[in-house]
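In what follows, a structure is listed as structure tokens, so that the remarks can point back to it.
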Amino acid sequence: MTNLNSFFCCFLIILFLGCNSNKKRYFDAVVTGHPQATQIGIQVLENGGNAIDASIAVQLALSVCLPSAGNIGGGGFMICRMNSGKAYALDFREKAPKKATRNMYLDQDGNIVDSLSTYGHLSIGVPGTIDGIFEAHKKLGSMSMDSLFNYAITLAQRGFPITQKQAKELNYYQKDFKKFNPNNNYLQSNKWIEGDTLKQVDLANTLRIIKDGGRKGFYEGEIATSIIETTKENGVISISDLKNYKSIWREPIIFPFDDYTLISMPPPSSGGIALAQLLMMLSNFDLNNVEHNSIEYIHLLSEIEKRVFADRSIHLGDMDYYSVPINDLLNFDYNQDRAKKIKLKKATPSNKISNGEFKKLESEETTHFSITDKYGNAVSVTTTLNTNYGSKVFVNKYGFLLNNEMDDFSSKPGHPNVYGLLGSDANAIEPEKRMLSSMTPTILEKNNNLFLVLGTPGGSTIITSVFQTILNVILFKMPIQDAVDAPRFHHQWMPDNIYVEKVLYTDSLVNPLNAIGHNIKERSSIGHVNAILYNQNSISTGADHRGDNLGKILQ
Ligand code: DON
């Protein structure tokens, strides 16, 4: 072909793609765990920002209006898919301080010291959120960082009315706030009631310092000094831990199945690999006539989930420190073979299920938000302090909470973490290693087009909640709000229980499941999924009714 011909050919392709993408309509949409944050995300998009810009403003807003989980003292993951189809995964997960040691939560006899990894100074991992937002902005943002900070600064300065759920939660944690903060009284009150205005003047000032100083404003200088001062009594974080923190762009897990492509988070999240394994195992079964949340359905999914969580406990950890057998875990035949051992009418006890053996080892508070923009970009972010209000430690004078993410490591083989998860060498504590996570921000393509953006908080239940929501959409064809609201259940191998939400805890469901060997336990609520669904040229949001979540679309 002559040069001219190839030019002509390229031109036609560009024209064709251009027409094609012209046909597809994209929308600005935001779903977050708090109405104030959703509103701010929408404002950014209205002002011409892209989904990345909106995600930065939302992340900062959540650190103000959802202090139990939104954060600048924690970490998280971002999956995004740009209009070009290119997908990115950003890991801004916390990491262990350099002085952390494998047995730091054990006493002299090798026993776990209660609550050391979940409360107070020693539970804190080196925060990643601020580095993450600057990194995301540098690569994919379009608006000035100043303008993105200003929304959260104003929110913190002026205050906002707390919701009923927040008032209840804040009252519940008063004792902890007092116990772990002898030198400040952030979020303390004799009694919070719905509608009270929460102003956070010190936090507004902190955000101003970071706005002016960039990432250094947080990781070096007066804020960093106060983090060390606040935590020095029992903690091990050092100034150099903060200075050296770096978020990392990773290759997303990309897994095609049927008409869909799953784009999700690789280690140190276990979510992307687990989701792909769940889908591969499920494909061994014909689900055409299986009813949603029927005995058969709950049995089958629970059996699959057990096997995937057994693998998680042995094989998954931070790939920079442990060689995760990622190709083996994602091998179709391996997962099918495991699925074939599932009995359709009988539960296999968890102690009879172990992780797969590969010949050679190659080398409950979080918050999720989903955003799309009119340019065709999509962002899925899950961010956390770990449990509600993290370590419960506020940084003196700067008004923000530090995480208790160290509990996501395996403190001792066989000892469950706060989510009941077991771990092994793969997820043992090592200096500067990232702790394994279940956070699963995810995007699904259908026929190579943007289709579904979703994720949720919920510790270990994150993986199964995302899995079930995907199935609600692609298998049961539910509208997205119904898919998100539908009752959920969860199995994580150990303990050997199916956890079901209240509405599923009925005799007609529990008795037959007991009869085939399952233990059933009731849970008040599983996950808070926030999702956006594209269907042809229309869009809809699913904001979980279990929380204060709000979805908004600019039409
Ligand atoms: O990274 C993880 O898996 C946990 N730290 C997430 C915690 C969580 O989702 C709590 N939310 N309810």
* Measure off 7 Å from each Cα along the Cα-to-Cβ vector at VAL201 and ASP258, then give the distance between these two points in nanometres to one decimal. => 5.7 nm
* Structure fact -> Cα-Cα longer than 18 Å, checked against LYS306/LYS433; LYS352/LYS502; LYS216/LYS243, kept in input order, equals LYS306/LYS433; LYS352/LYS502
* Asked: Averaged over all directions, how much area does the convex hull of the C-alpha atoms of the chain cover when projected, in nm²?
  -> 27.1 nm²
* Compute the accessible area per residue over the chain, keeping the other protein chains in place, probe 1.4 Å, unit Å². => 39 Å²
* Structure fact -> Using alpha carbon centers only, the range 267-326 is separated from the range 110-164 by a whole-angstrom value of 30 Å
* To do: Can you send over the carbon and sulfur percentage of the accessible area for the chain, probe radius 1.4 Å, protein chains only?
  => 51 percent
* Share of alpha-carbon pairs per 5 Å distance bin for the range 350-482, given as whole % -> 2, 8, 13, 16, 17, 14, 13, 10, 5, 1, 0
* Structure fact -> HN-Hα couplings for the range 206-222 via Karplus (6.51, -1.76, 1.60; θ = phi - 60°), in whole Hz with x for Gly/Pro, come out as 4, 5, 5, 4, 6, 4, 6, x, x, 4, 4, x, 9, 8, 9, x, 5
* To do: Take the alpha carbon atoms of the range 94-188, find their radius of gyration, then divide it by 2.2 N^0.38 Å using N residues; give the quotient.
  => 1.51
* **Members of LYS392/LYS412; LYS340/LYS477; LYS191/LYS232; LYS346/LYS521 lying beyond 28 Å, as alpha-carbon distances in this model show** => LYS191/LYS232
* Within the P(r) computed for the range 275-368, what percentage of the Cα pairs occupies the region above 24 Å? -> 28 percent
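The values are calculated or read from the model by the stated rules, or taken from the named source; none is laboratory data. As the structure is a computational prediction, the values presented were derived from the model and not from experiment. Cβ atoms come from the backbone with ideal geometry, glycine included; neighbour counts cover every protein chain shown. For accessibility, only protein heavy atoms count, side chains too; no ligands or nucleic acids. Shrake-Rupley method; radii C 1.70, N 1.55, O 1.52, S 1.80 Å.
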